[in-house]
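What follows is a set of notes on a single structure, which appears directly below.
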Number of protein chains: 2
Amino acid sequence: MPEPKDPSPGRVEFRTAPERYRHWRLAVDGPVAVLTMDVDEQGGIVPGYELKLNSYDLGVDIELYDAVQRLRFEHPEVKAVVITSGKDKVFCAGANIRMLAASPHGWKVNFCKFTNETRNGIEDATENSGQTYLAALNGTASGGGYELALACDHILLVDDRSSAVALPELPLLGVLPGTGGLTRVTDKRHVRRDLADYFATRPEGVGGGKAVRWRLVDEAVPRAAWQQTVAERAAELAARSARPANGTASGIELTPLPKSGTDTALAYRHVTATLDRGRGVAEITVKGPDDEAPAAMAGVHEQGAGFWTLAVTRELDDLILDLRTNEPELGTWVFRTRGSAERVLAHDRLLLGNADDWLANEIIHYLKRTLKRLDVTSRSILALIEPGSCFAGSMLELALAADRSYHLAGIFEDKDPDAGPAEITIGPANLGPLPMGNGLTRLQTRFLGDDKALAAADKSEGEPLTAEDAEQLGLVTFAPDDIDWDEEIRIAVEERASFSPDALTGLEANYRFPGPETLETKIFGRLTAWQNWIFSRPNAAGPDGALRRFGTGQRAAFDRKRV
Amino acid sequence: MPEPKDPSPGRVEFRTAPERYRHWRLAVDGPVAVLTMDVDEQGGIVPGYELKLNSYDLGVDIELYDAVQRLRFEHPEVKAVVITSGKDKVFCAGANIRMLAASPHGWKVNFCKFTNETRNGIEDATENSGQTYLAALNGTASGGGYELALACDHILLVDDRSSAVALPELPLLGVLPGTGGLTRVTDKRHVRRDLADYFATRPEGVGGGKAVRWRLVDEAVPRAAWQQTVAERAAELAARSARPANGTASGIELTPLPKSGTDTALAYRHVTATLDRGRGVAEITVKGPDDEAPAAMAGVHEQGAGFWTLAVTRELDDLILDLRTNEPELGTWVFRTRGSAERVLAHDRLLLGNADDWLANEIIHYLKRTLKRLDVTSRSILALIEPGSCFAGSMLELALAADRSYHLAGIFEDKDPDAGPAEITIGPANLGPLPMGNGLTRLQTRFLGDDKALAAADKSEGEPLTAEDAEQLGLVTFAPDDIDWDEEIRIAVEERASFSPDALTGLEANYRFPGPETLETKIFGRLTAWQNWIFSRPNAAGPDGALRRFGTGQRAAFDRKRV
């Protein structure tokens, strides 16, 4: 395993651990954890800017993501998490502006996507894990700093006549808040849209009683009562959690994830990826469990991070983040699986049958979040269902998440004449516990508006389906046979590489989310697309644009035409 | 390919009439109308391209919009509308590509917005007017041509081994279908997302039985049975309409709309606009009814296009389209009203109390569509509520559609010491019949998640509310008094003009549509934003981009990085 190198010329690495944090402190005291943001100004992930005033870059957010994950797995006793600042008078100034101004468009977009996912993960912990987040704004929270607070369940703001919350992106930078701020202000906190409009044009923000009246924060607390109020609220939030009582459960350690890499491959224990730069393809193979599922959850607790479902999810999670960030020219991801479908289903059953076990619950939701990451990944996704694969239950979600799937009809006569035909199997994991961001399962999304087809698919649960059956049920896109297989896949991959990468990103962002919308899909679909557009316009990113001119003392020169 | 030029040396005019159509023929035969697209190749609205293969530009779509409107008002007897082509073997090739390649970004976006609104209007006629649209694709429908078909309730495709439906934008042009195609394919026609993906990568499209099986069209009909099948389906669709029987109702003529203009003003009978280019503001004043409302609907039928609500709606509609297209640098629209609130409410009551009258129904839905146009207009909207105004009922919607409203507390002591204070009044028009694209009323949208505030507002129905009451109820944004008024408005307007126009567009597109999403909001919010982004990227619009290279024989040169 080579050491992570400088990320811009080298490779960005998402694996970290608390002992290596430069920007956050994690302190656990019984049921309450405190996550203190104390950004090291000199600790930017790439050179060229200082992270002043608790502003952040990707490196800061990688640590936050790690902390949020570890709290869920390593600290079953933690029921409330306080996010606060280690600086005087400032909570967080948001994403670093010089970093944004200096970054290529793709870096900005990918950075925003990851920060969005981490904030959605905070909301997921609050909603599904009994770990409720409390934002303790001991100073001004501006831009992404306020957006981080918006991801928390309860927001306390110190009432000292200077501290405020603000979304200054529009007046100062000519862009939008990039981490869900606009959507959460109206759709989550229900700030009235005209007040929200006014708020987003005030660089200095809103504090005190007005911030409470406008619903921007939940409480404005005098400094004298600050420590006590934060402690009280944290205790109240902790009290409503169903997580195990202190001392009754042991966390499992998220041990360092083994990963090796060359210029053309990445390998984990269960997941490997071949990086084919010529064809612009990452060929990803996910291996099913080596062993039978434990007889009961005790075995899972014992295996800890080695338990297959958790291990494979961590590997997939890291691979998605790595490829997104480090391999933007690999525009197509081809998924294969290998292994025993029955073992995959048995692992699923064990977890789903014990969803009241805190660890089973965590693993299921982590798998859910990781599959959601795939859904919002701007890469074309193909699934190849071949003999020896294990597209069943949780692993079938990979094929259902794909833009297209190809299921071999029969076997490869030359390569392996004795193989059984490729089969897929719907399991309970496909019928509810792993919803997409739109709130529907991938099967419901697939058969939107076609209840008959959905019912027929559901009814096949547990039956191994050959290509003919799967195609008939609409579960796979195409079912070529041995003779056509290579040619059809080759054409699909080559064709994808010949299309406009931008148009593919837009196509997939639309097609993957038919049907209902949620806070999440609005953030990734609507808000992100507007932000992408604005980020790529001369009024923001051009040499005279607001983003580039910020801090120079010169005002931006705008083309005033409304588009 | 020549450099993009200004497409409109003069002023684009949206007012037209069938006798002036160059591209469409409208034939009415009892309950069935036939709209035949037969585009004049030499009839482009700006020079520089030929409208081959029934491809269209803004001029073609202006005529379509006019026809759809006239069918509703002038032809109460028409219950089904067949859209077909006057060309051999081609239905419509979509938006003209050379026009798109040569147009500035803003022109393309505004053009797509208008075509989207016209297609939504077709669906509105089907849903709310008993005029059901049937697409009779007597040849290939490609890109925007297929998207026009998607707006119809039923799609017939001739089955002749060569005719197909297609969305070739992605493979040929490196952009997305710009008129709702992606959203309607999945969310309206419920094409499976992986098949939709495949379909959108085939420039040649899909025809015959496969197009039916994939739900892309409703029927594939052999040429021999074509005429008869089209006639039968049209008759069946007409039979389910609740519009008046043939001969029992007379349409009202949409007489030419009087409009005068100078370089600094536009004036209609009830609506005037001052164009202040220095401040980047259009000051719009809407006058209430000059006369009392007729005692019954008979009076409305008699007044026809002169009836106040219809007249003012037509004027607003034309003004919005004119300013959007011709005045992109007027980034802020300031709305005032003048007149009798009681008369506005009486006109509303007359229409809403007779919604089973076909004309009342048409006027209400037309007002609804016009207000929706305002919601998706990329201009900042302010409403100024001053003494002598009539922000009541339907006219109050203008203030509720605004990004911010200012309600004068008291009167202007110097200007008009004898005036009564400015008041607003909620009426039945605010409580249901004029929903936004998100399916909610503007009041429901305003008070999203705050049922108590919504109930309090509803309860005030009929009560004239002063600034203090209105602010208390959350119905206006700010309520400055005489002393602060001028300064506060001046600052709001100047500040708006100082911000990035792109960021404002994105901000407003997000804040105006909190809460639920519909086909319409997905098209305007999500799909449009992605399309805007793609249209502004070098991979599409750059000198080596797909849009600019189309037809040159050269392939586009793509930056392959996925963003």
Using a 1.4 Å probe on the protein heavy atoms only, what accessible surface does residue A:521 show? Give it in Å² to the nearest 10. 10
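Would you compute, from DSSP H runs of 4+ residues alone, the mean residue ellipticity of chain B at 222 nm, taking -39500 (n - 2.57) per run and dividing by the full residue count, rounded to the nearest 500? Please report the intermediate quantities before stating the final value.
Details: 20 runs with 207 residues, N = 563.
After summing the helix terms and dividing by the residues of chain B, the value is -11000 deg cm²/dmol.
Would you mind counting up the charge near residue A:477? Only other residues with Cβ under 11 Å from its Cβ, with Lys and Arg at +1 and Asp and Glu at -1. Don't skip to the answer; put the middle values down first.
Values: positive: A:404, A:446, B:192, B:193; negative: A:403, A:471, A:488, B:194, B:197.
Around residue A:477, the surrounding residues sum to -1.
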Around residue A:233, with a cut-off of 13 angstrom between Cβ atoms, what is the net charge of the other residues, counting Lys and Arg +1 and Asp and Glu -1? -3
Are any of the pairs B:259/B:368; A:87/A:259; A:368/B:522; A:287/B:561 more than 31 Å apart by Cα-Cα distance, and if so, which? A:87/A:259
What shape does the protein assembly as shown have by the C-alpha gyration tensor, where a ≥ b ≥ c are the square roots of the eigenvalues, rounded means a/c under 1.5, and otherwise prolate means a/b greater than b/c and oblate the rest? oblate
Quick calc, chain B, dipole around Cα centre from Cβ unit charges on Lys, Arg (+) and Asp, Glu (-), nearest 20 debye, gives 3140
Treating the angle as unsigned and between 0 and 90°, give the value, to the nearest 10°, between the Cα long axis of helix B:105-128 and the longest Cα principal axis of chain B. 90
³J(HN,Hα), Karplus 6.51/-1.76/1.60, whole Hz, each residue of segment A:191-208, x for Gly, Pro: 5, 4, 5, 6, 5, 4, 4, 4, 4, 6, 10, 9, x, 7, x, 9, x, x
Per-residue Cβ counts within 10 Å, from other chains only, averaged over B:494-501: what number is that? 6
Going 7 Å from the Cα of residue B:415 along its beta-carbon direction, which residues of segment B:488-508 have the amide nitrogen within less than 18 Å of the resulting point? B:488-494
Calculate the dipole size of segment A:302-376 relative to its Cα centre from +1 charges on Lys and Arg beta carbons and -1 charges on Asp and Glu beta carbons; express the result in debye to the nearest 20. 220
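Which FRET efficiency, nearest 0.05, do residue A:292 and residue A:481 yield, Cβ-Cβ r, R0 35 Å?
E(calc), rounded to 0.05, equals 0.55.
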Express the Stokes-Einstein translational diffusion coefficient of segment A:267-359 in µm² s⁻¹, to the nearest whole number, given a Kirkwood radius over alpha-carbon pairs, 20 °C and a viscosity of 1.002 mPa s. 148
Could you check the spin-label model distance between residue B:519 and residue A:89? Points 7 Å from the Cα along Cα→Cβ, value in nm. 5.6
So the angle from the long Cα axis of helix A:226-239 to the longest Cα principal axis of chain A, reported in degrees to the nearest 10, equals 30
Toward the positive end of the charge dipole of segment B:421-560, about the Cα centre and with charges on Cβ (Lys, Arg +1; Asp, Glu -1), which of B:545, B:503, B:422 goes farthest? B:545
Under a plain spin-label model, where a point goes 7 Å from the Cα along Cα-to-Cβ, how far apart in nm are residue A:42 and residue A:240? 4.4
For label points placed 7 Å from Cα toward Cβ, what is the shortest-first list of nm distances from residue A:235 to its copies? 8.1
Counting only other residues whose beta carbon sits under 12 Å from that of residue B:498, what net charge do I get with K and R as +1, D and E as -1? +2
What average count of beta carbons from other chains do you get within 10 Å of the Cβ of residues in B:183-193? 6
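Once the Cβ-Cβ distance between residue B:248 and residue B:305 is put in as r, and R0 is 25 Å, what FRET efficiency do you end up with, to the nearest 0.05?
0.75
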For residue B:538, go 7 angstrom from Cα along the Cα-to-Cβ vector, then report the distances to that same point in the other copies in nm, smallest first. 1.5
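Nearest 0.05, what FRET efficiency do residue A:128 and residue A:277 give at R0 = 45 Å with Cβ-Cβ as r? Provide the component values of the computation, followed by the final result.
Working: r = 39 Å, r/R0 = 0.86.
Plugging the Cβ-Cβ distance into 1/(1 + (r/R0)^6) gives 0.70.
With every protein chain kept in the model, how would you rank A:214, A:533 by accessible area, 1.4 Å probe, largest at the top? Display every interim value, and only then the final one.
Working: A:214 30, A:533 0 Å².
Reading off the accessible areas and sorting them downward yields A:214, A:533.
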In debye to the nearest 20, how big a dipole does the protein assembly as shown give about its Cα centre with +1 on each Lys and Arg Cβ and -1 on each Asp and Glu Cβ? 1600
Size of segment B:303-342 along its principal axes in angstrom, Cα-based, largest extent first? 36, 22, 7
How far apart are the residue B:417 label points across copies, placing each 7 Å from Cα toward Cβ, in nm, shortest first? 11.0
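The values are calculated or read from the model by the stated rules, or taken from the named source; none is laboratory data. Just so it is clear, the model here is predicted, and its values are computed rather than measured. FYI the Cβ positions are ideal-geometry reconstructions off the backbone, even for glycines, and counts take in every protein chain you see. Calculation scope for accessible area: heavy atoms of the full protein, side chains included, ligands and nucleic acids excluded. Shrake-Rupley method; radii C 1.70, N 1.55, O 1.52, S 1.80 Å.
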